[in-house]
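First up is the structure itself, then whatever we jot down about it.
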Amino acid sequence: MAGAFETGEAYLAALQALLGDTIVSQHAHRGDMTLVVQTSAVADCLEKLAAAPGLQLDVLTDLTAVDYLPRTPRFEVVYHLLNFGTSLRLRIKVQVDDGEAVPTVSNLFLSANWMEREVYDMYGIVFDGHPDLRRILLYPEFEGHPLRKDYAKEAAQPRLELRDHRPWRDTPPEGVG
Amino acid sequence: MELGTTAPANIVDDNGRLGDSVIMTRMSDAIAWCRKWSLFPYPFITACCGMEFMATAATHYDLDRFGAALPRFSPRQADLMWVVGTVTHKQAPYLRQVYDQMAEPKWVLSFGVCATSGGFYRNYATVQGIDKIVPVDMYIPGCPPRPEMVMDGLLKLMDRIQGHRKTVLAEAIAEGES
(Lines give C-alpha, C1' and ligand atoms only; values in the text may rest on other atoms or scores of the structure.)
Protein backbone atom coordinates (compact mmCIF):
# COMPACT_ATOMS: atom_id res chain seq x y z
CA MET A 1 0.00 0.00 0.00
CA ALA A 2 2.93 2.29 -0.73
CA GLY A 3 1.90 5.63 -2.09
CA ALA A 4 0.35 8.83 -0.91
CA PHE A 5 -1.03 7.71 2.45
CA GLU A 6 0.91 7.53 5.68
CA THR A 7 -1.47 5.23 7.50
CA GLY A 8 -4.17 2.77 6.64
CA GLU A 9 -6.66 4.92 8.54
CA ALA A 10 -5.90 7.89 6.30
CA TYR A 11 -6.37 5.73 3.22
CA LEU A 12 -9.64 4.36 4.50
CA ALA A 13 -10.86 7.84 5.38
CA ALA A 14 -10.14 9.04 1.86
CA LEU A 15 -12.00 6.07 0.40
CA GLN A 16 -14.99 6.57 2.66
CA ALA A 17 -15.10 10.26 1.80
CA LEU A 18 -15.16 9.37 -1.88
CA LEU A 19 -17.50 6.41 -1.95
CA GLY A 20 -19.72 7.04 1.02
CA ASP A 21 -22.42 4.54 1.80
CA THR A 22 -21.84 2.36 -1.23
CA ILE A 23 -19.22 0.64 0.93
CA VAL A 24 -20.78 -2.39 2.60
CA SER A 25 -17.73 -3.46 4.58
CA GLN A 26 -13.99 -3.15 4.60
CA HIS A 27 -10.95 -4.91 5.93
CA ALA A 28 -7.21 -4.48 5.75
CA HIS A 29 -4.38 -6.89 6.37
CA ARG A 30 -0.61 -6.30 6.23
CA GLY A 31 -0.90 -3.37 3.87
CA ASP A 32 -3.79 -4.64 1.72
CA MET A 33 -7.00 -2.62 1.64
CA THR A 34 -10.23 -4.33 0.65
CA LEU A 35 -13.70 -2.83 0.27
CA VAL A 36 -16.94 -4.67 -0.33
CA VAL A 37 -19.30 -2.39 -2.25
CA GLN A 38 -22.90 -2.63 -3.41
CA THR A 39 -23.19 -4.53 -6.66
CA SER A 40 -25.24 -1.93 -8.51
CA ALA A 41 -22.70 0.79 -7.66
CA VAL A 42 -19.49 -0.95 -8.68
CA ALA A 43 -19.07 0.74 -12.07
CA ASP A 44 -19.56 4.19 -10.52
CA CYS A 45 -17.16 3.37 -7.68
CA LEU A 46 -14.44 2.26 -10.07
CA GLU A 47 -14.95 5.35 -12.17
CA LYS A 48 -14.63 7.61 -9.14
CA LEU A 49 -11.57 5.77 -7.88
CA ALA A 50 -9.86 6.17 -11.22
CA ALA A 51 -10.63 9.87 -11.43
CA ALA A 52 -10.09 11.02 -7.81
CA PRO A 53 -6.98 13.22 -7.64
CA GLY A 54 -5.67 11.75 -4.42
CA LEU A 55 -6.13 8.14 -5.51
CA GLN A 56 -6.03 7.78 -9.32
CA LEU A 57 -6.44 4.02 -9.17
CA ASP A 58 -6.67 3.84 -12.93
CA VAL A 59 -5.14 0.45 -13.71
CA LEU A 60 -7.32 -2.62 -13.36
CA THR A 61 -4.81 -5.39 -12.76
CA ASP A 62 -7.26 -8.23 -12.18
CA LEU A 63 -10.94 -9.06 -12.38
CA THR A 64 -11.92 -12.47 -11.11
CA ALA A 65 -14.52 -14.30 -9.06
CA VAL A 66 -14.83 -16.78 -6.20
CA ASP A 67 -17.55 -19.35 -5.58
CA TYR A 68 -18.41 -19.68 -1.90
CA LEU A 69 -21.05 -22.34 -2.29
CA PRO A 70 -23.10 -23.05 -0.10
CA ARG A 71 -23.03 -19.51 1.24
CA THR A 72 -25.55 -17.00 -0.10
CA PRO A 73 -24.76 -14.74 -1.84
CA ARG A 74 -22.80 -17.40 -3.65
CA PHE A 75 -20.22 -15.47 -5.64
CA GLU A 76 -17.82 -12.64 -5.07
CA VAL A 77 -16.45 -10.72 -8.04
CA VAL A 78 -13.08 -9.24 -7.14
CA TYR A 79 -11.43 -6.21 -8.75
CA HIS A 80 -7.79 -5.27 -8.17
CA LEU A 81 -6.86 -1.65 -8.79
CA LEU A 82 -3.46 -0.03 -8.97
CA ASN A 83 -2.05 3.45 -9.16
CA PHE A 84 0.91 2.89 -11.44
CA GLY A 85 2.83 5.97 -10.34
CA THR A 86 2.58 5.60 -6.56
CA SER A 87 2.03 1.80 -6.34
CA LEU A 88 -1.13 2.36 -4.35
CA ARG A 89 -3.35 -0.73 -4.52
CA LEU A 90 -6.97 -1.47 -3.67
CA ARG A 91 -9.20 -4.53 -3.81
CA ILE A 92 -12.93 -4.10 -4.46
CA LYS A 93 -15.35 -6.96 -4.02
CA VAL A 94 -19.02 -7.31 -4.86
CA GLN A 95 -21.21 -10.14 -3.66
CA VAL A 96 -23.64 -11.61 -6.13
CA ASP A 97 -25.92 -14.59 -6.15
CA ASP A 98 -26.55 -17.11 -8.88
CA GLY A 99 -28.57 -15.38 -11.60
CA GLU A 100 -27.72 -11.86 -10.48
CA ALA A 101 -25.91 -9.66 -12.98
CA VAL A 102 -23.05 -7.25 -12.34
CA PRO A 103 -22.60 -3.93 -14.19
CA THR A 104 -19.73 -4.11 -16.64
CA VAL A 105 -16.61 -1.99 -16.30
CA SER A 106 -15.36 -2.77 -19.81
CA ASN A 107 -16.22 0.77 -20.89
CA LEU A 108 -13.81 2.10 -18.23
CA PHE A 109 -11.04 -0.47 -18.52
CA LEU A 110 -10.28 -2.18 -21.81
CA SER A 111 -8.72 -5.15 -20.03
CA ALA A 112 -12.02 -5.83 -18.29
CA ASN A 113 -13.50 -6.99 -21.59
CA TRP A 114 -11.63 -10.29 -21.67
CA MET A 115 -11.47 -10.65 -17.89
CA GLU A 116 -15.26 -10.44 -17.62
CA ARG A 117 -15.58 -12.96 -20.45
CA GLU A 118 -13.33 -15.31 -18.47
CA VAL A 119 -15.47 -14.88 -15.33
CA TYR A 120 -18.58 -15.57 -17.41
CA ASP A 121 -16.97 -18.63 -18.99
CA MET A 122 -15.82 -20.14 -15.69
CA TYR A 123 -18.58 -19.05 -13.28
CA GLY A 124 -21.58 -18.06 -15.37
CA ILE A 125 -21.79 -14.56 -13.91
CA VAL A 126 -23.41 -12.18 -16.41
CA PHE A 127 -22.07 -8.65 -16.85
CA ASP A 128 -24.75 -6.13 -17.87
CA GLY A 129 -23.70 -3.94 -20.74
CA HIS A 130 -20.76 -6.04 -21.85
CA PRO A 131 -20.38 -5.65 -25.64
CA ASP A 132 -19.50 -9.28 -26.39
CA LEU A 133 -20.18 -11.62 -23.49
CA ARG A 134 -19.28 -15.12 -24.69
CA ARG A 135 -16.90 -17.88 -23.72
CA ILE A 136 -13.23 -17.10 -24.07
CA LEU A 137 -11.26 -20.14 -22.90
CA LEU A 138 -13.71 -22.97 -23.53
CA TYR A 139 -15.53 -23.84 -26.73
CA PRO A 140 -19.13 -22.88 -27.52
CA GLU A 141 -20.52 -26.43 -27.23
CA PHE A 142 -19.29 -26.72 -23.65
CA GLU A 143 -22.16 -26.87 -21.19
CA GLY A 144 -21.82 -25.50 -17.69
CA HIS A 145 -19.29 -23.39 -15.88
CA PRO A 146 -16.38 -25.46 -14.63
CA LEU A 147 -14.94 -23.35 -11.80
CA ARG A 148 -18.23 -23.50 -9.94
CA LYS A 149 -17.91 -25.71 -6.90
CA ASP A 150 -20.71 -27.97 -8.10
CA TYR A 151 -19.03 -28.78 -11.42
CA ALA A 152 -17.15 -32.07 -11.25
CA LYS A 153 -13.53 -31.26 -11.94
CA GLU A 154 -12.90 -34.24 -14.21
CA ALA A 155 -16.13 -34.03 -16.19
CA ALA A 156 -14.71 -33.64 -19.68
CA GLN A 157 -16.91 -32.85 -22.68
CA PRO A 158 -15.01 -34.19 -25.70
CA ARG A 159 -15.59 -32.50 -29.04
CA LEU A 160 -14.95 -35.60 -31.06
CA GLU A 161 -15.42 -39.33 -30.66
CA LEU A 162 -12.48 -40.52 -28.56
CA ARG A 163 -10.63 -43.67 -29.56
CA ASP A 164 -10.91 -46.49 -27.07
CA HIS A 165 -7.19 -47.15 -27.01
CA ARG A 166 -5.77 -49.35 -24.29
CA PRO A 167 -1.98 -49.34 -24.50
CA TRP A 168 -1.43 -51.89 -21.74
CA ARG A 169 -0.89 -55.59 -22.38
CA ASP A 170 -3.14 -57.46 -19.94
CA THR A 171 -4.34 -55.33 -17.05
CA PRO A 172 -4.47 -51.55 -16.75
CA PRO A 173 -2.11 -49.82 -14.36
CA GLU A 174 -3.47 -48.79 -10.96
CA GLY A 175 -5.94 -45.98 -11.01
CA VAL A 176 -6.58 -46.10 -14.76
CA GLY A 177 -9.96 -46.99 -16.27
CA MET B 1 20.73 -53.21 -38.79
CA GLU B 2 22.74 -54.75 -41.53
CA LEU B 3 21.49 -53.70 -44.88
CA GLY B 4 22.32 -56.90 -46.57
CA THR B 5 25.19 -58.98 -47.71
CA THR B 6 27.81 -57.62 -50.02
CA ALA B 7 28.97 -59.45 -53.04
CA PRO B 8 32.40 -61.17 -52.89
CA ALA B 9 35.57 -59.05 -52.85
CA ASN B 10 36.82 -59.76 -56.35
CA ILE B 11 35.36 -57.09 -58.57
CA VAL B 12 34.53 -58.86 -61.73
CA ASP B 13 35.39 -62.45 -62.18
CA ASP B 14 35.18 -64.66 -65.19
CA ASN B 15 31.50 -65.21 -64.60
CA GLY B 16 30.85 -61.47 -64.61
CA ARG B 17 29.76 -61.26 -60.96
CA LEU B 18 29.76 -57.84 -59.31
CA GLY B 19 32.12 -56.72 -56.50
CA ASP B 20 31.60 -55.09 -53.10
CA SER B 21 30.40 -51.85 -54.60
CA VAL B 22 26.98 -53.41 -54.68
CA ILE B 23 24.83 -54.16 -51.65
CA MET B 24 22.11 -56.78 -51.86
CA THR B 25 19.05 -56.30 -49.77
CA ARG B 26 15.31 -56.43 -49.75
CA MET B 27 13.49 -53.48 -51.27
CA SER B 28 11.34 -53.02 -48.18
CA ASP B 29 14.45 -52.83 -46.00
CA ALA B 30 16.08 -50.28 -48.28
CA ILE B 31 13.00 -48.10 -48.45
CA ALA B 32 12.54 -48.28 -44.69
CA TRP B 33 16.19 -47.32 -44.26
CA CYS B 34 15.67 -44.26 -46.41
CA ARG B 35 12.47 -43.34 -44.60
CA LYS B 36 13.91 -43.56 -41.15
CA TRP B 37 16.98 -41.50 -41.91
CA SER B 38 15.03 -38.67 -43.55
CA LEU B 39 12.13 -37.96 -41.29
CA PHE B 40 10.41 -34.62 -41.79
CA PRO B 41 9.00 -33.65 -38.41
CA TYR B 42 5.75 -31.75 -38.01
CA PRO B 43 6.26 -30.17 -34.59
CA PHE B 44 2.74 -29.90 -33.19
CA ILE B 45 3.94 -27.92 -30.19
CA THR B 46 1.50 -26.58 -27.67
CA ALA B 47 3.29 -26.06 -24.35
CA CYS B 48 6.44 -26.18 -22.26
CA CYS B 49 7.77 -29.39 -23.81
CA GLY B 50 8.40 -27.21 -26.84
CA MET B 51 11.36 -25.74 -24.99
CA GLU B 52 12.89 -29.18 -24.66
CA PHE B 53 12.07 -29.95 -28.29
CA MET B 54 13.95 -26.85 -29.33
CA ALA B 55 16.87 -27.82 -27.10
CA THR B 56 16.98 -31.29 -28.63
CA ALA B 57 16.77 -29.95 -32.16
CA ALA B 58 19.42 -27.29 -31.65
CA THR B 59 23.14 -27.79 -32.02
CA HIS B 60 24.04 -29.02 -28.58
CA TYR B 61 21.99 -32.22 -28.80
CA ASP B 62 21.17 -32.06 -32.51
CA LEU B 63 18.43 -33.89 -34.31
CA ASP B 64 20.16 -33.26 -37.62
CA ARG B 65 22.45 -36.22 -37.13
CA PHE B 66 19.37 -38.44 -37.22
CA GLY B 67 18.22 -36.83 -40.42
CA ALA B 68 15.23 -35.36 -38.61
CA ALA B 69 16.33 -31.75 -38.61
CA LEU B 70 14.12 -30.11 -41.17
CA PRO B 71 10.68 -29.39 -39.78
CA ARG B 72 7.82 -29.04 -42.19
CA PHE B 73 5.06 -26.86 -40.87
CA SER B 74 2.61 -28.19 -43.37
CA PRO B 75 1.25 -31.66 -42.60
CA ARG B 76 1.10 -32.37 -46.33
CA GLN B 77 4.89 -32.29 -46.43
CA ALA B 78 5.70 -34.03 -43.16
CA ASP B 79 5.82 -37.65 -42.13
CA LEU B 80 6.47 -37.63 -38.39
CA MET B 81 4.11 -35.64 -36.20
CA TRP B 82 5.65 -34.74 -32.86
CA VAL B 83 2.81 -33.90 -30.48
CA VAL B 84 4.64 -31.79 -27.93
CA GLY B 85 2.80 -30.53 -24.88
CA THR B 86 -0.71 -30.49 -23.48
CA VAL B 87 -3.64 -31.03 -25.83
CA THR B 88 -7.02 -29.74 -24.68
CA HIS B 89 -10.46 -30.90 -25.75
CA LYS B 90 -10.81 -27.55 -27.47
CA GLN B 91 -7.82 -28.36 -29.66
CA ALA B 92 -8.57 -32.07 -30.21
CA PRO B 93 -10.47 -31.70 -33.52
CA TYR B 94 -7.59 -29.68 -34.98
CA LEU B 95 -5.01 -32.25 -33.93
CA ARG B 96 -7.09 -34.91 -35.66
CA GLN B 97 -7.47 -32.72 -38.74
CA VAL B 98 -3.71 -32.16 -38.99
CA TYR B 99 -3.08 -35.90 -38.59
CA ASP B 100 -5.64 -36.70 -41.29
CA GLN B 101 -3.96 -34.28 -43.68
CA MET B 102 -0.65 -36.11 -43.52
CA ALA B 103 0.06 -38.58 -46.29
CA GLU B 104 1.06 -42.18 -45.65
CA PRO B 105 3.50 -43.36 -44.38
CA LYS B 106 3.18 -41.30 -41.25
CA TRP B 107 4.08 -41.73 -37.62
CA VAL B 108 3.10 -39.95 -34.41
CA LEU B 109 5.39 -39.40 -31.50
CA SER B 110 3.93 -38.26 -28.21
CA PHE B 111 6.40 -36.00 -26.43
CA GLY B 112 6.01 -35.47 -22.71
CA VAL B 113 3.53 -36.78 -20.17
CA CYS B 114 0.79 -34.34 -21.12
CA ALA B 115 0.58 -35.74 -24.62
CA THR B 116 1.10 -39.29 -23.40
CA SER B 117 -1.51 -39.43 -20.67
CA GLY B 118 -2.74 -35.97 -19.77
CA GLY B 119 0.22 -35.43 -17.43
CA PHE B 120 -0.68 -33.95 -14.11
CA TYR B 121 -3.78 -32.29 -15.61
CA ARG B 122 -6.57 -34.61 -14.62
CA ASN B 123 -9.47 -32.26 -15.39
CA TYR B 124 -12.27 -31.30 -17.74
CA ALA B 125 -10.10 -29.47 -20.19
CA THR B 126 -7.18 -31.81 -20.95
CA VAL B 127 -7.28 -34.84 -23.20
CA GLN B 128 -5.98 -37.73 -21.11
CA GLY B 129 -3.49 -38.85 -23.70
CA ILE B 130 -3.46 -38.10 -27.42
CA ASP B 131 -3.87 -41.79 -28.21
CA LYS B 132 -7.53 -41.05 -27.58
CA ILE B 133 -7.41 -38.94 -30.74
CA VAL B 134 -4.68 -40.27 -33.03
CA PRO B 135 -2.75 -43.55 -33.13
CA VAL B 136 0.63 -43.11 -31.46
CA ASP B 137 3.80 -44.93 -32.43
CA MET B 138 6.14 -43.83 -29.65
CA TYR B 139 5.50 -42.38 -26.23
CA ILE B 140 8.21 -40.31 -24.58
CA PRO B 141 7.32 -39.60 -20.96
CA GLY B 142 8.90 -36.82 -18.95
CA CYS B 143 7.97 -33.41 -17.72
CA PRO B 144 9.78 -32.42 -19.78
CA PRO B 145 11.85 -35.34 -21.00
CA ARG B 146 15.59 -34.76 -21.14
CA PRO B 147 16.97 -34.44 -24.67
CA GLU B 148 18.79 -37.73 -24.21
CA MET B 149 15.46 -39.42 -23.56
CA VAL B 150 13.92 -37.76 -26.59
CA MET B 151 16.70 -39.01 -28.79
CA ASP B 152 16.35 -42.48 -27.30
CA GLY B 153 12.66 -42.43 -28.15
CA LEU B 154 13.36 -41.20 -31.65
CA LEU B 155 15.95 -43.92 -32.22
CA LYS B 156 13.52 -46.57 -31.01
CA LEU B 157 10.92 -45.16 -33.37
CA MET B 158 13.45 -45.37 -36.18
CA ASP B 159 14.02 -49.03 -35.31
CA ARG B 160 10.28 -49.51 -35.59
CA ILE B 161 10.25 -47.80 -38.96
CA GLN B 162 12.98 -50.14 -40.12
CA GLY B 163 10.73 -52.99 -39.23
CA HIS B 164 12.06 -54.18 -35.92
CA ARG B 165 8.72 -54.82 -34.35
CA LYS B 166 9.73 -55.83 -30.85
CA THR B 167 7.98 -53.78 -28.20
CA VAL B 168 10.11 -51.67 -25.90
CA LEU B 169 8.93 -53.68 -22.90
CA ALA B 170 9.91 -56.95 -24.50
CA GLU B 171 13.36 -55.60 -25.22
CA ALA B 172 13.80 -54.48 -21.64
CA ILE B 173 12.70 -57.83 -20.27
CA ALA B 174 15.01 -59.62 -22.68
CA GLU B 175 17.93 -57.41 -21.65
CA GLY B 176 17.19 -58.06 -18.02
CA GLU B 177 17.14 -61.78 -18.51
CA SER B 178 20.35 -62.03 -20.51
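Numbers at a glance
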| item | result |
| --- | --- |
| Chains B and A, summed buried accessible surface - 1.4 Å probe, Å², nearest 100 | 1700 Å² |
| Segment A:1-92: C-alpha gyration tensor shape, a/c 1.5 cut-off, then a/b vs b/c | prolate |
| Shape call, segment B:71-178: gyration tensor on alpha carbons, a/c limit 1.5 | oblate |
| Given A:Lys149/B:Lys132; B:Lys132/B:Lys156; A:Lys93/A:Lys149; A:Lys93/A:Lys153; A:Lys48/B:Lys90, the pairs whose alpha carbons are separated by over 30 Å | A:Lys48/B:Lys90 |
| Neighbouring partner chain Cβ atoms per residue of B:83-94, average, 10 Å criterion | 3 |
| Rounded FRET efficiency, nearest 0.05, which uses the C-beta distance separating B:Cys48 from A:Leu69 and R0 of 35 Å | 0.60 |
| Estimated FRET transfer efficiency (A:Arg166, A:His27; beta-carbon r; R0 45 Å; 0.05) | 0.25 |
| Calculated FRET efficiency for the pair A:Ala101/A:Glu154, C-beta based, R₀ 35 Å, to 0.05 | 0.70 |
| Inter-chain Cβ neighbour average for residues A:53-61, partner chain, 10 Å | 0 |
| Principal-axis tilt of helix A:8-19 within chain A, Cα atoms, nearest 10 degrees | 90 degrees |
| Acute angle (nearest 10 degrees) that the helix A:42-51 long axis makes with the longest principal axis of chain A, alpha-carbon atoms | 50 degrees |
| Test item: B:123-136 mean partner chain Cβ contacts at 10 Å | 5 |
| Pairwise label distance in nanometres, B:Gln97 with B:Arg72, each label 7 Å out on the Cα-Cβ vector | 2.0 nm |
| Where N is the number of residues in chain A, Cα Rg divided by 2.2 N^0.38 Å | 1.31 |
| Scattering curve values for the protein assembly as shown, log₁₀ I(q)/I(0), Debye with Cα scatterers, q = 0.06 Å⁻¹ | -0.40 |
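The values are calculated or read from the model by the stated rules, or taken from the named source; none is laboratory data. Because the structure is predicted, anything quoted here is derived from the model rather than measured. Because the Cβ atoms are built from the backbone with ideal geometry, glycine has one as well, and the counts that use them run over all protein chains shown. The accessibility values were calculated without ligands, DNA or RNA, using every heavy atom of the protein model including side chains. Shrake-Rupley method; radii C 1.70, N 1.55, O 1.52, S 1.80 Å.
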